[in-house]
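Comments concern the structure below.
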Amino acid sequence: MEKLLGGAGAIAATVFVGLQFFLFVGGVSYRKDCLGSAGQVKSSWTFTWFAPIPYLFRPSEAGCQVHTGTRVALNAVGVAAFAKPTTTNLADKAVQGAHNMSDDEAYFARMKARVVEFENAPQAKTVDDGRRAFDKAIGSLSAITPTSKYAAAHAALLAALHEARAGLDEIERAHYSAGTADDRRVAAQFRAAFGKIGGAITQLNQLHGR
């Protein structure tokens, strides 16, 4: 009995030490997710080994999302989960934290992030993939309000997205009614749709340069 209790005590002590080590390392390690120059999400790790108190000295940076190693580990197993960092939510965070940004600049930053996320989405292989990509972009851009400077161009972009989205149904009907699996034809239609959207984006960029 004494041996059994001694073994259980040793296991408990080992678990306790392991937990303390995990909490310490998790409190001095931080994952930082920031926007890269091309709009992609860049992740990096920082370790504050010499910080006197774990969890206290967070290496924050404007526009970045920072989580402790402990939070990242818990998120990985579905506990204390946090939203996956994306171009859109990081841009929104940067805008919210900026105190010297005009309304025009704030709108353009949020709009650009949504366009970049749309352009960087995995390539659509099917009409359904395309629908989902367009629906996400339309919903995301509809959720932000343009300033008067960009209102007309913003409406033109949404109109182009809606037109391209509606065109997918026509592509699908033409594709299947022809009774052929010519994926190149569908891909060409997708490129044409993106060409229409490109004109609206160019208009927004020109306004931003004024």
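The values are calculated or read from the model by the stated rules, or taken from the named source; none is laboratory data. Quick caveat: nothing in here was measured; it's all calculated off a predicted structure. All Cβ positions, glycine included, derive from the backbone under ideal geometry; neighbour counts span all protein chains shown.
Key figures for this structure:
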{"read-out": "Set 113, 164, 153: member being in contact (Cβ under 8 Å) with a residue 40 or more places away in the chain, in a helix (DSSP H, G or I) and farther than 27 Å from residue 33 by Cβ", "value": "153"}
{"read-out": "Residue list for the range 71-111, restricted to those being buried (at least 18 other Cβ atoms within 10 Å of the Cβ), touching a Lys or Arg at 6+ places or on another chain (Cβ under 8 Å) and small (Gly, Ala, Ser)", "value": "91"}
{"read-out": "The range 114-131, residues that are surrounded by fewer than 20 Cβ atoms within 10 Å (Cβ to Cβ) and either more than 16 Å from the chain's Cα centre (by Cα) or closer than 21 Å to residue 209 by Cβ (or both)", "value": "116, 119, 123, 124, 125, 126, 127, 128, 129, 131"}
{"read-out": "Criterion violated by residue 101 - all others in (1) part of a loop (DSSP other than H, G, I, E, B); (2) of a type in the set (A, V, I, L, M, F, W, C); (3) at pLDDT below 75 satisfied", "value": "(3)"}
{"read-out": "Residue among 90, 158 that alone is in contact with a helix residue (DSSP H, G or I) (Cβ under 9 Å, 6 or more places away or on another chain), in a helix (DSSP H, G or I), at pLDDT 85 or above and within 26 Å of residue 41 (Cα to Cα)", "value": "158"}
